[in-house]
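Enquirer: Here you go, one structure.
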Amino acid sequence: MNEKIIDALNKDREQELSAIIQYMKHHYEGQGMESPEILDKEREIAIAEMRHAESLGERINYLGGVPTKSVSHIAEGGDLRKMIQDDLAKENTAIKQYKEHIKLAAEEGDITTRVMLEQILKEEEDHANTWETVLGVKK
């Protein structure tokens, strides 16, 4: 059992569990004339985050750990623009964290975890791109 990997995966799982809650709250609470398409996207991304949390939990279990039920910070309140900004911030935090944990998995020689995290990272970057596009953010 590699405690460093399990701890990292549980930290990722905390992010994913909080993202699910945040996205679903935004899906339920967002309002405005432009909201229908955005609220559908909130729900769609929440479901993707559920798949991430599931994959992380399965991997933690396989490695002999116990998947966390804890969550990280959940941003609440504000208008639709603030909600999207909060979602983008959550994605950017996850991206940074996944890059660190991919490096850790490589250093620890855990190829399976590294590959899984790389796939999740790709999806998180796609989510960030969606919110950057909605907000008109230039890189």
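Coordinate-derived values only; no laboratory data. Computed from a prediction, not measured in an experiment: that's the story for all the values here. Methodologically, a virtual Cβ is constructed for each residue, glycine included, from the backbone with ideal geometry; neighbour enumeration extends over all protein chains shown.
Enquirer: What 222 nm value per residue comes from the helices of the chain, counting each DSSP H run with n ≥ 4 as -39,500 (n - 2.57) and dividing by all residues, nearest 500 deg cm²/dmol? Intermediate values should be presented prior to the final figure.
Expert: Numbers: 4 runs with 108 residues, N = 139.
The helix contribution divided over the chain gives -28000 deg cm²/dmol.
Enquirer: Right, another one. Which is the longest part of the chain that has none of the GluC sites (Glu not before Pro) sitting in a DSSP loop with at most 14 other Cβ atoms within 10 Å? Intermediate values should be presented prior to the final figure.
Expert: Numbers: sites that count: GLU34, GLU76, GLU108.
Result, exposed sites excluded: 35-75.
Enquirer: For THR112 and HIS73, compute 0.36 nm times the residue count separating them, minus their Cα-Cα distance, and round to one decimal in nm.
Expert: On the way: separation 39, 0.36 × 39 = 14.04 nm, distance 2.81 nm.
11.2 nm is the gain from fully extending THR112 to HIS73.
Enquirer: Most exposed first by the Cβ proxy, i.e. fewest other Cβ within 10 Å, how do LEU135, LEU80 rank? Walk me through the numbers before you get to the answer.
Expert: Values: LEU135 13, LEU80 19.
The order, fewest Cβ neighbours first, is LEU135, LEU80.
Enquirer: Now for a separate question. Can you check how the C-alpha radius of gyration of the stretch 3-135 compares to 2.2 N^0.38 Å, as a plain ratio? Intermediate results must be reported in sequence, preceding the final value.
Expert: On the way: Rg = 15.0 Å, N = 133, 2.2 N^0.38 = 14.1 Å.
Against the compact-globule rule of thumb, the ratio is 1.06.
Enquirer: Test of the criteria: in the stretch 29-112, which trypsin sites (Lys or Arg not before Pro) are in a DSSP loop and have at most 12 other Cβ atoms within 10 angstrom of their Cβ? Write down the numbers at each step before the final one.
Expert: Details: sites: LYS41, ARG43, ARG51, ARG59, LYS69, ARG81, LYS82, LYS90, LYS96, LYS99, LYS103; in loops: LYS69.
Those that pass, being in a loop and sparsely packed, are LYS69.
Enquirer: Sort the stretch 88-139 into rounded, prolate or oblate with this rule: let a ≥ b ≥ c be the square roots of the eigenvalues of the Cα gyration tensor; rounded if a/c is under 1.5, and if a/c is not under 1.5, prolate when a/b is larger than b/c, oblate otherwise. Write down the numbers at each step before the final one.
Expert: Numbers: a/c = 3.89, a/b = 2.69, b/c = 1.45.
Prolate, since a/c reaches 1.5 and a/b exceeds b/c.
Enquirer: Dipole size in debye (nearest 20) for the stretch 43-139 around its Cα centre, Lys and Arg Cβ +1, Asp and Glu Cβ -1?
Expert: 160 debye
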